[in-house]
1. Return the pairs, sorted by first residue and then second, in which the second residue is open to solvent by 80 Å² or more (accessible area, probe 1.4 Å) and of a type in the set (D, E), the first residue lies in the range 82-102 and is over 18 Å from D48 (Cβ atoms), the beta carbons are less than 9 Å apart, and the residues are 6+ apart or on different chains.
2. Can you name the residue in the range 117-128 that is assigned to a helix (DSSP H, G or I) and either small (G, A, S) or touching a His at 6+ places or on another chain (Cβ under 7 Å) (or both) and, of all such residues, is surrounded by the most Cβ atoms within 10 Å (Cβ to Cβ)?
3. As an exercise: evaluate S96 against (1) hydroxyl-bearing (S, T, Y); (2) more than 14 Å from F25 (Cα to Cα); (3) over 13 Å from the mean Cα position of the chain (by Cα) and give the number of the one condition it does not meet.
4. Scan the range 104-116 residue by residue and report those that are open to solvent by less than 60 Å² (accessible area, probe 1.4 Å) and either under 17 Å from R56 (Cα atoms) or assigned to a strand (DSSP E or B) (or both).
5. Within the range 9-61, restricting attention to residues that are at pLDDT below 85 and not in a strand (DSSP E or B), which residue is surrounded by the most Cβ atoms within 10 Å (Cβ to Cβ)?
6. If you scan the range 70-92, which residues turn out to be at pLDDT 90 or above and either open to solvent by 60 Å² or more (accessible area, probe 1.4 Å) or part of a loop (DSSP other than H, G, I, E, B) (or both)?
7. Which members of the range 22-43 meet the condition of being without any contact (Cβ under 8 Å) to a residue 24 or more places away in the chain and either among the acidic types (D, E) or under 18 Å from E91 (Cβ atoms) (or both)?
8. Can you find, within the range 113-128, the residue that is nearest to E36 (Cα to Cα) among those that are in contact (Cβ under 8 Å) with a residue 12 or more places away in the chain and of a type outside the set (S, T, N, Q)?
Amino acid sequence: LSLAPHLHYEVRYKGVRVDPIHFFFMELMMGFRVGEICGLKWSDINEDSGVIHVQRTIRYVNGELNVGETKTNQGNRKIVLPSSVREMLTERKKKSYSEWIFPKSLNPTMPISSSSANKRLKQILAEA
């Protein structure tokens, strides 16, 4: 899987490479809301069927994690992953150290915040 090979943007946590481009690849390919992507856990994926269950959204309010339901009833959904996304997630999971698919880089017990994800996107675009 080659995601923008001309971009070199690398983040390491305890020596493990964390690729923030995966977050935006997921956003572009799946059309999920940022809070929904932040709220994804590995347990939301059925690896046998390649289906992901979007069932929560997260946001931080005054620094406190707020886990909630999706924005609408239709937001709680199961979707078959395209092969490119499935491949990316399979590789990402091999290096995972968190229940969250996209954890905070300095505290992997917590999910990444949408503001941190947006900040990373701006950094990546500035390098492009």
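The values are calculated or read from the model by the stated rules, or taken from the named source; none is laboratory data. What you see is a predicted model; the values in this text were computed from it and never measured. Positions of Cβ are generated from backbone atoms using ideal geometry, with glycine treated the same way; all protein chains shown enter the neighbour counts. Surface areas here come from the heavy atoms of the whole protein model, side chains and all, with no ligands, DNA or RNA. Shrake-Rupley method; radii C 1.70, N 1.55, O 1.52, S 1.80 Å.
1. So the pair list comes out empty.
2. A117
3. (3)
4. In the first step, residues of the range 104-116 are kept if they are open to solvent by less than 60 Å² (accessible area, probe 1.4 Å); the result is 105, 108, 110-114, 116.
Result: M110, P111, I112, S113, S114.
5. Among them, the one singled out is P20.
6. K78, V80, L81, P82, S83, R86, E87, T90
7. E27, L28
8. Restricting attention to the range 113-128, the residues satisfying the condition of being in contact (Cβ under 8 Å) with a residue 12 or more places away in the chain are 113-118, 120-121, 123-124, 127-128.
The next check asks that each one be of a type outside the set (S, T, N, Q); those that pass are 117, 120-121, 124, 127-128.
Working: A117: 12, R120: 17, L121: 17, I124: 21, E127: 26, A128: 26 Å.
Here the answer is A117.
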